Structure formats: structure tokens, C-alpha cells
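> Let me begin by handing over the structure; questions about it come next.
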Amino acid sequence: MLHLIGGLCVITGSAVVGLQMVAQRRKRLEEWKQMLAACRLMERELNCREPDLAELLEELTQQSSGVIRSFFAGCRRAMGELGSRSFASIWRENLSQADLCLRRREQELLAGLGTVLGRYDREVQCAVLGRVAAELEAQLREERSEVQKRNKLYMTLSIAGGMLLVVLAC
């Protein structure tokens, strides 16, 4: 009886590990979607209204949620330091401090935005935002198809691994 309970605990624990992997990938996809939406919003706002950088960051803070919202709010709060620091360094610092689930490639892509926002004319900013959004969108499509394949794999392997441990232990 004790072996049965132990075996069920091992299988349940391994299934939880698989579920955590799936949840992590879903979180990453959600952050990607939010950052893509933020890039598109910045592009639209700059084309239509040409807001100043602080106003744009405030709008992004209101339109986003979770970690992405914290990132934009942090950038907005640090705007008071613009005399002693560049916006690019503020952007990069907040990007590195944010608990984003993005890969290094995406973070480098987003870090480049900080050097452009508020520094160049509207057309250049919109062009860069469009390129970044297009790249994020392409990567998001790839990631979605990969996630669908890998989620099943993670769950299957975690449960099979738990069953293997039970068999080996008995």
C-alpha cells in the first residue's frame, strides 16, 4: 500500500513538472503578445498624435498588464532622471530588471528600441517600431507552432519519467 502511495506521488510530481514547463511557455507567449501589442500601439500613437515620451509610456502602462506593465511603469518613473541618464540606459535597465520570459534575442531586439524612442523624428521611430513588431510577430508565429508540439512532449515525457521511476523503485 505504501509503495502504491509513493508511486502515485512520484507520478503526480513528475506531471506537475510537465505542467510547470507548459505554464512557463504560455507565460512567455503572453508576454510576447503584449510586447507586440505595445509596439503596434506606440507606432499608431506616434503616427496619429505624436505624444511626448512620458505620455506614451503612461499610455503603454495603462494598456498593458503584468510584467510588461511593470516594465513600462518603471521606465515612466525613471523619466525624471533624463538629465543625468539617457533614455536608452533607463530602457535597458528596466528591461534587464523586468522578469520577462523572453529569450536573449528578443531582449536585444527590444533593447534597441530604447536608443530610438524619443530621440529621432517620428518617421524613424515608426519605421524602427514597425521592424521590431514585424520581427516579434514572426517569432511569435514560430513559437506558437513550437509550443503546440512541445507541450504534448513535455507532458508525455514527465509522466513517462515518473512511471519509469516508479518501476525502477519497485
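> For the range 138-155 and the range 1-47, compute the distance between their C-alpha centroids and round to whole Å.
11
> So what are the radius of gyration and Dmax for the Cα set of the range 1-77, in Å?
Just the Cα atoms of the range 1-77 yield Rg and Dmax of 20.8, 70 Å.
> Given axes a ≥ b ≥ c from the Cα gyration tensor, I'd like to know whether the range 73-170 is rounded (a/c under 1.5), prolate (a/b larger than b/c) or oblate.
Verdict is oblate for the range 73-170.
> What dipole magnitude, in Debye to the nearest 20, does the chain give about its Cα centre under +1 on Lys/Arg Cβ and -1 on Asp/Glu Cβ?
Details: 24 positive and 21 negative charges, 134 e Å.
For this selection, approximately 640 debye.
> Compute log10 of I(q)/I(0) for the range 92-149 with the Debye formula, placing one identical point scatterer on every Cα and leaving out solvent, at q = 0.13, 0.19, 0.27 Å⁻¹, to two decimals.
Debye curve over Cα of the range 92-149, log10 I(q)/I(0) at q = 0.13, 0.19, 0.27 Å⁻¹: -0.40, -0.76, -1.12.
> According to the Kirkwood expression over distinct Cα-Cα pairs, how big is the hydrodynamic radius of the chain, in Å?
18.2
> Provide 147, 167, 124 ordered by accessible surface of protein heavy atoms (probe 1.4 Å), highest first. Mind showing how you got there, number by number?
Details: 147 10, 167 105, 124 60 Å².
So, going from the largest accessible area down, we get 167, 124, 147.
> Moving on. Please sort by residue number the trypsin sites (Lys or Arg not before Pro) in the range 1-74 whose DSSP state is loop and whose Cβ has at most 11 other Cβ atoms within 10 Å.
Values: sites: 25, 26, 27, 28, 33, 40, 44, 49, 69; in loops: 49.
Sparse-neighbourhood loop trypsin sites (Lys or Arg not before Pro): 49.
> Pairs of alpha-carbon atoms within less than 8 angstrom and 6+ residues apart define the contacts here; what relative contact order does the chain have, in percent?
Relative contact order of the chain: 40 percent.
> Take the chain, connect every pair of alpha-carbon atoms lying under 10 Å apart with a spring to form a Gaussian network, then pick out the residue of 128, 116, 16 with the largest mean-square fluctuation.
Maximum among the listed residues: 16.
> Could you tell me which of rounded, prolate or oblate describes the range 39-90, using a ≥ b ≥ c as the square roots of the eigenvalues of the alpha-carbon gyration tensor, with rounded for a/c under 1.5 and, failing that, prolate when a/b is larger than b/c and oblate otherwise?
Oblate shape, in that a/c is at least 1.5 and b/c is the bigger or equal ratio.
> Now for a different question. For the chain, return all DSSP H helices satisfying: extent of Cα atoms along own axis at least 30 Å; mean Kyte-Doolittle hydropathy at least -1.0.
Length and hydropathy pass: 2-48, 122-169.
> Based on DSSP H runs of at least 4 residues, each adding -39500 (n - 2.57), what is the mean residue ellipticity at 222 nm of the chain after dividing by all its residues, to the nearest 500 deg cm²/dmol?
-29500 deg cm²/dmol
The values are calculated or read from the model by the stated rules, or taken from the named source; none is laboratory data. Values in this document were obtained by computation on a predicted structure and should not be read as measured data. Glycine gets a Cβ as well: all are built from the backbone with ideal geometry, and neighbour counts include every protein chain shown. These area figures cover heavy atoms from the full protein model, side chains too; ligands, DNA and RNA do not enter into them. Shrake-Rupley method; radii C 1.70, N 1.55, O 1.52, S 1.80 Å.
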